[in-house]
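Report on the following structure.
The values are calculated or read from the model by the stated rules, or taken from the named source; none is laboratory data. From a predicted model like this one, the values you see are computed outputs, not experimental measurements. So basically every Cβ, Gly included, is an ideal-geometry build from the backbone, and we count neighbours across all protein chains shown.
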């Protein structure tokens with residue numbers, strides 16, 4: 001076997017489970033994940049009731065390998081937070097948080113995003129200033 005096909009196979013194996021130019025895909029439970037972003041409380045109508053749920057909008061798009069849905073990694077940016085019945089009172093809409101937990105696929109009408117993040121640990125982060133993403137001023 002020549003070196004070119006072997007090199008091609010090595011590259012393919014190294015990139016499996018990755019989105020080229022982006023990085024590795026996240027895996028579903030039981031694999032742990034850590035995501036950061038902004039928490040929002042959203043309301044959804046289910047039958048005759050209104051449900052209010054916490055949703056993490058991640059700082060960047062994430063790619064998740066969900067073999068039951070697709071053989072390719074699926075992009076997601078919003079994750080319904082699951083695993084706590086009551087959130088601390090200081091977590092209001094727009095709070096920046098870091099969450100460690102495990103991803104699960106939605107399976108019922110009460111799960112409003114494609115993937116849910118089952119919380120193991122939640123940490124409040126400092127708010128980002130509007131100037132944090134701005135380029136430095138020239139003198």
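The figures follow:
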| quantity | calculated |
| --- | --- |
| Residue in the stretch 84-95 that is part of a strand (DSSP E or B), closer than 22 Å to residue 119 by Cα and modelled with pLDDT of 95 or more present | no |
| In the stretch 96-116, residue modelled with the lowest pLDDT [restricted to those that are over 12 Å from residue 54 (Cβ atoms) and not in a strand (DSSP E or B)] | 109 |
